[in-house]
Amino acid sequence: VMVIRTVTPADLDGVCAVENAGFPPAEGATREAFRYRIEAFSQWFLVAEEDGTVVGLLNGPATDAQFICDRLYEPGGAGENGTTLAILGLAVLPDRRRQGIAAQLMHAYLDRARQGGMERVVLTCKENLIPFYEQFGFVNRGVSQSVHGGVVWYDMEYTI
């Protein structure tokens, strides 16, 4: 049975495993970054759990930034105030992809954003993932200022 729930400190190993399976080292979050995120904004950090195993994650802080900028990836860099949520990571274990887990995480996160009084949600993605995020109502706002991991990213915006 799949459960979408708020992260807990006990999930640290599980979220690190999902992240490391889903992103190359230059793009993935470190264990220290996850420890910080779990402490600082667990209400905006969801995990997909199945049979006691974390199989997916979605996280990102509230911020006053207009779009994702590289400082948001650093502990404390978001400012953690504001009415925008900045998604820093969405990942699912490779053998569990294409089963709707990422979509369940995104729907739950957008519902939580709405209930939390947020005005918008932003993220960056690679060009090939633009259509995936557009299906949730995100709009492509062009090439991002972020150079995180040395990759070209696109700013995506969802207005609540």
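The values are calculated or read from the model by the stated rules, or taken from the named source; none is laboratory data. A quick note: this is a predicted structure, and the numbers were derived from the prediction, not measured. As a convention, Cβ positions derive from the backbone with ideal geometry for all residues, glycine included, and neighbour counts pool all protein chains shown. Protein only, heavy atoms only, side chains kept; ligands, DNA and RNA dropped before computing areas. Shrake-Rupley method; radii C 1.70, N 1.55, O 1.52, S 1.80 Å.
Answer with yes or no whether GLN66 is surrounded by fewer than 22 Cβ atoms within 10 Å (Cβ to Cβ), farther than 23 Å from ALA21 by Cβ and modelled with pLDDT of 95 or more. When the stated conditions are applied, GLN66 does not pass them. Looking only at residues in the stretch 146-160 that are at pLDDT below 90 and in contact with an Asp or Glu (Cβ under 8 Å, 6 or more places away or on another chain), the one that is least open to solvent (accessible area, probe 1.4 Å) is SER146. Pairs linking a residue in the stretch 112-137 that is of a type in the set (Val, Ile, Thr) to a residue that is in a helix (DSSP H, G or I) and surrounded by 14 or more Cβ atoms within 10 Å (Cβ to Cβ), with Cβ atoms under 8 Å and 6 or more positions apart or on different chains, are VAL121/TYR109; VAL121/LEU110; VAL121/ALA113; THR124/HIS148. Applying the criterion of being under 23 Å from GLY100 (Cβ atoms) and over 16 Å from the mean Cα position of the chain (by Cα) to the residues of the stretch 1-24, the residue that is surrounded by the most Cβ atoms within 10 Å (Cβ to Cβ) is MET2. If you check LEU105, LEU58, LEU93, LEU88 for being under 17 Å from GLU19 (Cα atoms), aliphatic (A, V, I, L, M) and at pLDDT below 95, only one passes: LEU88. Among the residues of the stretch 118-145, those that are closer than 27 Å to ILE4 by Cα and open to solvent by less than 50 Å² (accessible area, probe 1.4 Å) comprise MET118, ARG120, VAL121, VAL122, LEU123, THR124, CYS125, ILE130, TYR133, PHE136, GLY137, PHE138. Screening THR83 against (1) of a type in the set (Val, Ile, Thr); (2) surrounded by fewer than 17 Cβ atoms within 10 Å (Cβ to Cβ); (3) at pLDDT 90 or above leaves a single unmet condition, (3). Scanning the stretch 87-109 for residues that are touching a Phe, Trp or Tyr at 6+ places or on another chain (Cβ under 7 Å) and assigned to a helix (DSSP H, G or I) yields a single hit, MET106.
Screening TYR133, TYR158 for residues that are in contact with a helix residue (DSSP H, G or I) (Cβ under 9 Å, 6 or more places away or on another chain), assigned to a strand (DSSP E or B) and farther than 24 Å from GLY14 by Cβ leaves exactly one candidate, TYR158.
Within the stretch 101-110, is even one residue of a type outside the set (S, T, N, Q), over 13 Å from the mean Cα position of the chain (by Cα) and surrounded by fewer than 19 Cβ atoms within 10 Å (Cβ to Cβ)? There is no residue in the stretch 101-110 that is of a type outside the set (S, T, N, Q), over 13 Å from the mean Cα position of the chain (by Cα) and surrounded by fewer than 19 Cβ atoms within 10 Å (Cβ to Cβ). Among the residues of the stretch 25-49, those that are open to solvent by less than 10 Å² (accessible area, probe 1.4 Å), farther than 14 Å from ALA62 by Cβ and at pLDDT 95 or above comprise LEU46, VAL47, ALA48.
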